[in-house]
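For reference, the structure is listed below as structure tokens.
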Amino acid sequence: MCLITEQALLIREQSFTRHFSNKANGAIDRTWRVLESGGSELDAVEKGCGQCEIDQCDGSVGYGGSPDESGETTLDAMIMDGNTMEVGAVADLRRVKNAIGVARKVIEYTKHTLLVGESGMVVIGASGTVASGTSTNGAVHKIPGRVGDSPIAGAGSYADSTAGGAAATGDGDIMMRFLPSYQAVEYMRMGTDPTVACQKVISRIQKYAPKFFGAIICANTTGSYGAACNKVPGFTQFRFMVSSPLLSQPTEQVVDCI
């Protein structure tokens, strides 16, 4: 899951595991190269998430991981243009490795939003243009046909060029009920600091599901960013990557869960 700004900030959620870092760096580098070569924010989201699909990151993204209870891996993905508010999403995708690329094609070649057949990213450009995307292979041993939060606009991620972007990760069956990414962006629209926006979203879900597993990252159009997570046994901190012209290389950030 990434938030990127061409002020220029890149945040990538590390799916809670340290060994994810090297592969996350590969996705970050790919995203950054797209922006530096003049590609659009939407291009950067597609290629960055696509690289994570290829690398399979921590196993929760791309082919070959998190099979359903029948032993088959299915993919969900979503990409969103914060300028036009167009969304392309796919779910239960089979025998296709580049789910985020297919989601992009839903925008380009259809009038639809979600087609059924899950890493996440948000890019914020120098002019404030925002794009977001997610890609995942879903929950391990899920019931065939189960779709989580990742391909759902406002749940897995959300982008609005007038406010910012956000992306969520964790127990999608619970988190999708609260549209956390949309809610975080709306908080930032009202002037709330990104870190506080993330914390407010987590606190809202805690009222109904205090033991849920999840986290969210946010960035506003000025390049400020933040993250928050729900504290449960075995998960007390959340790690994500930040890349910026002010940093010589992608840097790991850590927040304590609330």
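Nothing in this text is a laboratory measurement; each read-out follows from the coordinates by a stated rule. Model, not experiment: these values are computed from the prediction. Heads up, the Cβs are rebuilt from the backbone with ideal geometry, glycines too, and the neighbour counts pull from every protein chain shown.
Go through the residues of the stretch 146-153 one by one and say whether even a single one is outside any strand (DSSP E or B) and more than 30 Å from residue 207 (Cβ to Cβ). Can you show your working first?
Keep residues of the stretch 146-153 that are outside any strand (DSSP E or B), which gives 146-152.
When the remaining residues are screened for being more than 30 Å from residue 207 (Cβ to Cβ), the result is none.
Scanning the stretch 146-153, I find no residue that is outside any strand (DSSP E or B) and more than 30 Å from residue 207 (Cβ to Cβ), so the answer is no.
Tally time: how many residues in the stretch 162-175 are farther than 19 Å from residue 226 by Cβ and in contact with a strand residue (DSSP E or B) (Cβ under 9 Å, 6 or more places away or on another chain)?
First pass over the stretch 162-175, keeping only residues farther than 19 Å from residue 226 by Cβ: 171-174.
From what is left, the residues that are in contact with a strand residue (DSSP E or B) (Cβ under 9 Å, 6 or more places away or on another chain) are 171-172, 174.
So the count comes out to 3.
Quick check on my filter: what residues within the stretch 46-64 are small (Gly, Ala, Ser) and crowded, with 17+ Cβ neighbours inside 10 Å? Explain how you work it out, then say what you get.
Here is the first cut: in the stretch 46-64, the residues small (Gly, Ala, Ser) are 48, 50, 59-60, 62, 64.
Scanning the stretch 46-64 gives 48, 50, 60, 62.
Right, residue 69: of a type in the set (Asp, Glu) and assigned to a loop (DSSP other than H, G, I, E, B) or not? Working first, answer last.
Numbers: of a type in the set (Asp, Glu): yes; assigned to a loop (DSSP other than H, G, I, E, B): yes.
Answer is yes for this residue.
Would you pick out the residues in the stretch 106-142 that are of a type outside the set (Asp, Glu), surrounded by fewer than 15 Cβ atoms within 10 Å (Cβ to Cβ) and not in a strand (DSSP E or B)? Give the steps one after another, and end with the answer.
Let us first name the residues in the stretch 106-142 that are of a type outside the set (Asp, Glu), namely 106-107, 109-117, 119-142.
If we keep only those that are surrounded by fewer than 15 Cβ atoms within 10 Å (Cβ to Cβ) as well, we get 109-112, 116-117, 126-127, 140-141.
Matches in the stretch 106-142: 109, 110, 111, 112, 117, 126, 127, 140, 141.
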